[in-house]
Structure formats: structure tokens, C-alpha cells
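This report refers to the structure that appears directly beneath it.
The values are calculated or read from the model by the stated rules, or taken from the named source; none is laboratory data. From a predicted model like this one, the values you see are computed outputs, not experimental measurements. With ideal geometry, Cβ positions are generated from the backbone for all residues, glycine too; neighbour counts draw on all protein chains shown.
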Amino acid sequence: MGIMGDKLPVLLAQVEDIKPQTYVEIGCFRCDTMHEVKRLGVPRLIGFDLFEQAPENEEAPLDGLPVTWEEAQKFGYELYKGNTWDTLHVLKDINATDPVMVFIDGGHSFETTLNDIEMVQKYLPKAHLVMDDISMHGVRLAMQASGLNWKTVGLETARVDL
Ligand SMILES: C[S@@+](CC[C@H](N)C(=O)[O-])C[C@H]1O[C@@H](n2cnc3c(N)ncnc32)[C@H](O)[C@@H]1O
């Protein structure tokens, strides 16, 4: 599962700190987290997900049904369906207003996580990146391989993985 329970406050504290004008979530299946971020007044929310069964080596979707397009429209979310290997190029053209926050909680294989990080770096170089599930081997390796400096926050209250 994604950021929930005692990890959610850690993400929301980052949102309150950074006050993003644009929030991007990679892996947003039910949009539970996006709803919480929206409640904090973030004006533009953009999400990416397969919105269907994930490949075996990736993170499975959450239980339940994905957000419906009607619901997404009602909340004003801009959603992109498909594998992030194919969809993240749209970041090039989204004209995001700074500050931008990107929460990466999609596929957790090394390759996909690194691709997600690199695409964000390429097209949104000033974005504040927040990673979920950092205890997972592929995620950790990809973070190291990205060459970025990562700061760990909230570990004392966050569950290692959900
Ligand atoms: C842990 S869940 C995300 C939960 C979400 N952050 C929330 O709070 O509701 C991981 C999501 O990543 C998606 N996913 C896995 N691999 C993906 C890929 N290669 N491209 C796009 N989405 C992917 C899955 O469909 C799943 O919904």
C-alpha cells in the first residue's frame, strides 16, 4: 500500500512546509492521498497510475476500485493512465507553477523507480521529491543510483512499509 496511517502526516507536513502550487503523484490509484493534499489548499494536482493490474515485479494496486474519471473531474485532478515508462514524458509540457512537489509511490522495481526519478529530474528539475516505501530494496537502490541527496524525515513515526 501507499502512504497511509502514520506515514500520511509525514507527507502532509512536507506539503504544509513547501506549500506547493503543483502537486504530482506517481502511483495515485484511489487518489486517497491526493484528496488529503487537496484539502490543504494545493491548487493543481496531477496523477499517474496504471489504474489496472500492475506487473508482477511492481507495486500492486491498492484494494478497492481506482478513482473514477467522474470523481477525478469533480476534484479537478489531471490524471494520466498507463505505465510511467510511457506517460511521464507529459511532464515536459505541463507548465507547472512552482513550488512543485512530486510524491513517488508507483512501481517499486529498481528500473521503474529510477526512471520515475530521472524523468522528474529532467522535466521538473526544481521539484521537491518525496519518496515512499524507502525500505524497499529497488527503491533504495534507485535513490542511491539517482545521485541525489536525500533527507530522511519522519522515520521515528513512519512505518517502514505498508
Ligand atoms: C502503493 S500504490 C499507490 C497508492 C497511492 N499513493 C494512494 O495513496 O492511494 C502504488 C501504485 O503504483 C501503480 N504502479 C505500479 N507500477 C506502475 C507503473 N509502472 N506505472 C504507473 N503506475 C504504476 C500501481 O497501479 C499502484 O496503484
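For the reader, a short list of remarks on this structure follows.
- Among (1) in contact (Cβ under 8 Å) with a residue 40 or more places away in the chain; (2) in a loop (DSSP other than H, G, I, E, B); (3) among the hydrophobic types (A, V, I, L, M, F, W, C), the one test that PHE51 misses: (1)
- Residues within region 123-147 that are part of a helix (DSSP H, G or I) and either touching a residue at least 12 places away in the same chain (Cβ under 8 Å) or of a type in the set (A, V, I, L, M, F, W, C) (or both), tallied: 9
- Residue in region 44-62 that is more than 24 Å from THR87 (Cα to Cα), away from the ligand (no atom under 13 Å from the Cβ) and at pLDDT 95 or above present: no
- VAL37 meets all of the listed conditions (1) surrounded by 18 or more Cβ atoms within 10 Å (Cβ to Cβ); (2) at pLDDT below 95; (3) part of a helix (DSSP H, G or I) but one, namely (2).
- Taking each residue of region 70-95 that is within 19 Å of PRO43 (Cα to Cα) and looking for partners that are of a type in the set (A, V, I, L, M) and at pLDDT below 95 with beta-carbon atoms closer than 7 Å, six or more apart or interchain, yields LEU79/ALA72.
- Scan of region 135-147 for residues that are among the hydrophobic types (A, V, I, L, M, F, W, C) and in contact with a helix residue (DSSP H, G or I) (Cβ under 7 Å, 6 or more places away or on another chain), ordered by number: VAL139, LEU141, ALA142, ALA145
- In region 104-146, the residues that are within 11 Å of the ligand (Cβ to nearest atom), of a type in the set (Asp, Glu) and more than 13 Å from the chain's Cα centre (by Cα): GLU111
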